[in-house]
1. Taking P100, is it touching a residue at least 12 places away in the same chain (Cβ under 8 Å), outside any helix (DSSP H, G or I), of a type outside the set (K, R) and open to solvent by 60 Å² or more (accessible area, probe 1.4 Å)?
2. If only one of M164, M174 is of a type outside the set (D, E, K, R), open to solvent by less than 30 Å² (accessible area, probe 1.4 Å) and either touching an Asp or Glu at 6+ places or on another chain (Cβ under 8 Å) or at pLDDT below 85 (or both), which one is it?
3. Would you check if there is a residue in region 134-146 being touching a Gly at 6+ places or on another chain (Cβ under 7 Å) and over 22 Å from V192 (Cβ atoms)?
4. Do the conditions hold for D103, that is, is it among the acidic types (D, E) and under 12 Å from the mean Cα position of the chain (by Cα)?
5. Output the number of residues of region 84-96 satisfying the condition of being open to solvent by 30 Å² or more (accessible area, probe 1.4 Å) and under 14 Å from V123 (Cα atoms).
6. When you scan region 126-136, do you find a residue that is at pLDDT below 85 and within 28 Å of Q217 (Cβ to Cβ), even just one?
7. Residues L32, L58, L73, L26: which one is at pLDDT 80 or above, out of contact with any strand residue (DSSP E or B) (no Cβ under 7 Å at 6 or more places or on another chain) and under 22 Å from L111 (Cα atoms)?
8. I need a count of the residues in region 192-210 that are under 22 Å from the mean Cα position of the chain (by Cα) and among the hydroxyl-bearing types (S, T, Y).
Amino acid sequence: MLTLEWESEGLQTVGIVVIIFASLKLLHLLGLIDFSEDTVEDEMEMATVRHRPEALELLEAQSKFTKKELQILYRGFKNECPSGVVNEETFKDIYSQFFPQGDSTTYAHFLFNAFDTDHNGSVSFEDFVMGLSILLRGTVQEKLNWAFNLYDINKDGYITKEEMLDIMKAIYDMMGKCTYPILKEDAPRQHVETFFQKMDKNKDGVVTIDEFIESCQKDENIMRSMQLFENVI
């Protein structure tokens with residue numbers, strides 16, 4: 001499916017799918033398929049870590065996960081990140097394990113910045129939960145807002161061609177040229193041009209959040225990609 005979408009006109013679909021797909025890979029690495037019944041509630045209270053997670057009840061109210069799901073999430077997060085936070089290098093290491101055929105360094109950097117909402121150089125359990133809550137359980141509007149934030153690298157409220165090109169190159173590098181050998185070197189730039197033709201409604205050279213959301217909501221492929229990994233936990 002990804003191959004077909006990569007070669008299609010709407011390459012932005014791949015970007016959104018890969019965001020969710022990569023996050024699902026992260027869930028798998030953190031052991032979130034383990035539904036054992038032993039409680040982790042006491043662990044959350046007693047664990048000696050630099051960062052203490054917020055109370056389960058508060059996270060349950062703020063996110064779209066149940067208490068049980070949050071317990072499972074925390075168990076995996078704590079096992080992989082005993083300090084209670086994830087830094088960018090850890091993020092890069094995680095993604096390199098799941099995309100060994102390519103170079104995921106740049107994409108992991110962009111994705112880390114999207115999860116690091118307060119831009120303090122680390123992703124806490126709360127940051128992680130709230131990001132996954134949007135990607136896996138959020139409304140279409142919330143998911144598209146999150147995706148826009150990823151593409152808006154300098155966080156100025158606009159997506160430029162340069163920013164989109166950086167994201168597209170990062171995705172291509174991560175998936176690996178051996179996966180898509182028929183693509184020409186200038187393919188990412190050509191796809192960016194197509195992206196802007198569709199989304200830059202007023203032709204001012206940048207895409208706003210309103211233009212982005214409006215165009216995505218009219219694209220059936222993107223709308224389907226928004227539902228690929230709902231309720232995976």
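The values are calculated or read from the model by the stated rules, or taken from the named source; none is laboratory data. Model, not experiment: these values are computed from the prediction. FYI the Cβ positions are ideal-geometry reconstructions off the backbone, even for glycines, and counts take in every protein chain you see. Side chains included, ligands, DNA and RNA excluded: accessible areas come from the protein's heavy atoms. Shrake-Rupley method; radii C 1.70, N 1.55, O 1.52, S 1.80 Å.
1. Details: touching a residue at least 12 places away in the same chain (Cβ under 8 Å): no; outside any helix (DSSP H, G or I): yes; of a type outside the set (K, R): yes; open to solvent by 60 Å² or more (accessible area, probe 1.4 Å): yes.
When the stated conditions are applied, P100 does not pass them.
2. Working: M164 fails: either touching an Asp or Glu at 6+ places or on another chain (Cβ under 8 Å) or at pLDDT below 85 (or both).
When all the criteria are applied, what remains is M174.
3. Checked region 134-146: no residue is touching a Gly at 6+ places or on another chain (Cβ under 7 Å) and over 22 Å from V192 (Cβ atoms).
4. Numbers: among the acidic types (D, E): yes; under 12 Å from the mean Cα position of the chain (by Cα): no.
No.
5. Selection size over region 84-96: 6.
6. Looking for residues that are at pLDDT below 85 and within 28 Å of Q217 (Cβ to Cβ), one finds at least one in region 126-136, hence yes.
7. Details: L32 fails: at pLDDT 80 or above; L58 fails: under 22 Å from L111 (Cα atoms); L26 fails: at pLDDT 80 or above.
Going through L32, L58, L73, L26 in turn, the sole match is L73.
8. Residues in region 192-210 being under 22 Å from the mean Cα position of the chain (by Cα) and among the hydroxyl-bearing types (S, T, Y): 1 in total.
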